[in-house]
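J.: One structure, as structure tokens, below. Some questions next.
The values are calculated or read from the model by the stated rules, or taken from the named source; none is laboratory data. Quick caveat: nothing in here was measured; it's all calculated off a predicted structure. For neighbour counting, all protein chains shown are included, and Cβ atoms are generated from backbone atoms with ideal geometry for every residue, glycine included.
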Amino acid sequence: MTLRVLDTAAIEQAATPKLVLDTVRGALIAHSEGGTNVPPPLHLDFPEADGDCHVKAGWITGAADFTVKIATGFYGNPGLGLPSNHGLVCVVSARTGQVRAILDDRGLLTARRTAAAGALVTHAMARPDARTLGVFGAGEQARLQASWLAMLRPLDMVLIHGRDPYKANALCDELNADGLPARPASAREAAGADMIVTTTPAAAPVLDAAQVRAGAHLTGIGTDMPHKNELPPALFRRAWLIATDDHAQCLEHGDFGHAVRAGAVAQDDDITAGLLLKTPLDRPDTAITVADLTGVGALDAALASAVLDRL
């Protein structure tokens, strides 16, 4: 078998929003139904470089391939003129164990599958009439969460709260140029939106649970390692419904686990997010709903295979 090495340009062309959204939706549903094989992720911290790395693997039951993915986040890189995120995906035959391809995507597929998962789950769990989005963070994933959610529902305004005012303003300019109304906002303003997405590598909660309005939905996508924490335990205590992309992984690596250890909720107070993509949610208008997404290896496997098949 000839090993293929695919570069970012080819992968980007193949990984269209429709392909990614359809593939991630199917993989989340399969995972919620027990149709996947996903081991616990491996993670490494590099505090002296403000960096981290995680290795995730996964297989969709019956699929021809499985994948092993390396994804890094080094958050001081923009100051060096480098992107914060990098990585690659190794696609391996589930029948022979031979490596079929290396997808040298430099983190592209991780970014897009994260955007798709966040957008799909936020859309499924938010009120049908929710039109304002508060985003915590001003990096690549903040942009993607706003633009990909806008593919699924109309947005009247995107409120960007970032630590760096320059980056927040720049992101708003970019979103406005793409036809998506956006403006910088305080943490209180962003926490008061109909829908809220957190996209940071924070080690402490980025918002005040008391500032979240009745009827709001929140999706946390930045907490993917035990030392990270974006959503406060008090928010989970207020929630009418909590969804996780993977129960065990979110207990170990996610904000849901922080809330459980703080005694805010019980460890069985969540449901699997993929179930909500299959069956529409009947939510009270005043309910607060929360999704904790830590990134599931089965999604990487499904997306890498879909891109490889297209190429």
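J.: Taking the range 212-225, which residues are surrounded by fewer than 19 Cβ atoms within 10 Å (Cβ to Cβ) and either assigned by TED's automatic domain parsing to the domain that holds ASP50 or closer than 25 Å to SER147 by Cβ (or both)?
T.: Going through the range 212-225, the residues surrounded by fewer than 19 Cβ atoms within 10 Å (Cβ to Cβ) turn out to be 213-215.
If the condition is that a residue be surrounded by fewer than 19 Cβ atoms within 10 Å (Cβ to Cβ) and either assigned by TED's automatic domain parsing to the domain that holds ASP50 or closer than 25 Å to SER147 by Cβ (or both), then ARG213, GLY215 are the ones that fit.
J.: Looking at the range 84-107, which of the residues that are in contact with a helix residue (DSSP H, G or I) (Cβ under 6 Å, 6 or more places away or on another chain) and outside any strand (DSSP E or B) is nearest to THR16 (Cα to Cα)?
T.: ASP105
J.: Separate question: For GLY79, indicate whether it is more than 18 Å from ALA15 (Cβ to Cβ) and within 20 Å of the chain's Cα centre (by Cα).
T.: Details: more than 18 Å from ALA15 (Cβ to Cβ): yes; within 20 Å of the chain's Cα centre (by Cα): no.
Considered against the rule, which asks whether it is more than 18 Å from ALA15 (Cβ to Cβ) and within 20 Å of the chain's Cα centre (by Cα), GLY79 comes out as no.
J.: In addition: What residue, among those in the range 165-195 that are not small (Gly, Ala, Ser) and not in a helix (DSSP H, G or I), is surrounded by the fewest Cβ atoms within 10 Å (Cβ to Cβ)? It would help to see each step written out before you state the result.
T.: From the range 165-195, those not small (Gly, Ala, Ser) are 165-167, 169, 171-176, 178, 180-181, 183-184, 188-189, 194-195; that's our starting set.
Going one step further and asking which of them are not in a helix (DSSP H, G or I), we end up with 178, 180-181, 183-184, 194-195.
Numbers: ASP178: 12, LEU180: 18, PRO181: 14, ARG183: 14, PRO184: 18, ASP194: 19, MET195: 25.
Top of the filtered list is ASP178.
J.: Looking at the range 63-83, which of its residues are touching a residue at least 24 places away in the same chain (Cβ under 8 Å) and assigned to a loop (DSSP other than H, G, I, E, B)?
T.: Scanning the range 63-83 gives ALA63, ALA64, TYR75, GLY76, PRO83.
J.: Please go through the range 56-83 and pick out each residue that is among the β-branched types (Val, Ile, Thr) and crowded, with 16+ Cβ neighbours inside 10 Å.
T.: Here is the first cut: in the range 56-83, the residues among the β-branched types (Val, Ile, Thr) are 60-61, 67-68, 70, 72.
Answer for the range 56-83, where residues must be among the β-branched types (Val, Ile, Thr) and crowded, with 16+ Cβ neighbours inside 10 Å: ILE60, THR67, VAL68, ILE70, THR72.
J.: Would you pick out the residues in the range 29-48 that are outside any loop (DSSP other than H, G, I, E, B) and in contact with a strand residue (DSSP E or B) (Cβ under 6 Å, 6 or more places away or on another chain)? Let's see the steps before the verdict.
T.: So in the range 29-48, the residues outside any loop (DSSP other than H, G, I, E, B) come out as 29-32, 36-37, 42-48.
If the condition is that a residue be outside any loop (DSSP other than H, G, I, E, B) and in contact with a strand residue (DSSP E or B) (Cβ under 6 Å, 6 or more places away or on another chain), then ALA30, SER32, THR36, ASN37, LEU42, HIS43, LEU44, ASP45 are the ones that fit.
J.: Could you list all residues from the range 230-277 that are surrounded by 22 or more Cβ atoms within 10 Å (Cβ to Cβ) and in a loop (DSSP other than H, G, I, E, B)?
T.: GLU230, LEU231, PRO232, ALA239, ASP245, ASP246, GLY254
J.: Here's something else I'd like to know. Looking only at the range 115-155, filter to residues that are among the charged types (D, E, K, R) and not in a helix (DSSP H, G or I); which one of those is surrounded by the fewest Cβ atoms within 10 Å (Cβ to Cβ)?
T.: ASP129
J.: Please find, within the range 196-210, the residue that is surrounded by the most Cβ atoms within 10 Å (Cβ to Cβ) out of those that are touching a helix residue (DSSP H, G or I) at 6+ places or on another chain (Cβ under 9 Å) and not hydroxyl-bearing (Ser, Thr, Tyr). Give the derivation first.
T.: We begin by selecting, within the range 196-210, every residue touching a helix residue (DSSP H, G or I) at 6+ places or on another chain (Cβ under 9 Å); these are 196-200, 205-210.
When the remaining residues are screened for being not hydroxyl-bearing (Ser, Thr, Tyr), the result is 196-197, 205-210.
Numbers: ILE196: 30, VAL197: 32, PRO205: 20, VAL206: 22, LEU207: 24, ASP208: 13, ALA209: 19, ALA210: 11.
Taking the candidates together, the pick is VAL197.
J.: Which one of these does GLY222 not meet: (1) in contact with an Asp or Glu (Cβ under 8 Å, 6 or more places away or on another chain); (2) closer than 16 Å to LEU28 by Cβ?
T.: Status for GLY222: all satisfied but (2).
J.: Here's a follow-up. Can you pull out every residue in the range 186-240 that is more than 19 Å from the chain's Cα centre (by Cα) and hydroxyl-bearing (Ser, Thr, Tyr)?
T.: SER186
J.: So is HIS123 assigned by TED's automatic domain parsing to the domain that holds ILE29 and touching a residue at least 12 places away in the same chain (Cβ under 8 Å) or not?
T.: Details: assigned by TED's automatic domain parsing to the domain that holds ILE29: no; touching a residue at least 12 places away in the same chain (Cβ under 8 Å): yes.
No, not satisfied.
J.: Let me ask something else. Among PRO184, PRO226, PRO233, which is modelled with pLDDT under 95 and over 19 Å from MET125 (Cα atoms)? Walk me through it before giving the result.
T.: Values: PRO184 fails: modelled with pLDDT under 95; PRO233 fails: modelled with pLDDT under 95.
Testing whether each residue is modelled with pLDDT under 95 and over 19 Å from MET125 (Cα atoms) leaves just PRO226.
J.: Another one. With the condition kept exactly as written, say whether any residue in the range 278-292 is assigned to a helix (DSSP H, G or I) and either assigned by TED's automatic domain parsing to the domain that holds ALA27 or not aromatic (Phe, Trp, Tyr) (or both).
T.: yes
J.: I would also like to ask the following. So is ASP269 farther than 26 Å from GLY76 by Cα and touching an Asp or Glu at 6+ places or on another chain (Cβ under 9 Å) or not?
T.: Numbers: farther than 26 Å from GLY76 by Cα: yes; touching an Asp or Glu at 6+ places or on another chain (Cβ under 9 Å): no.
No: the conditions fail for ASP269.
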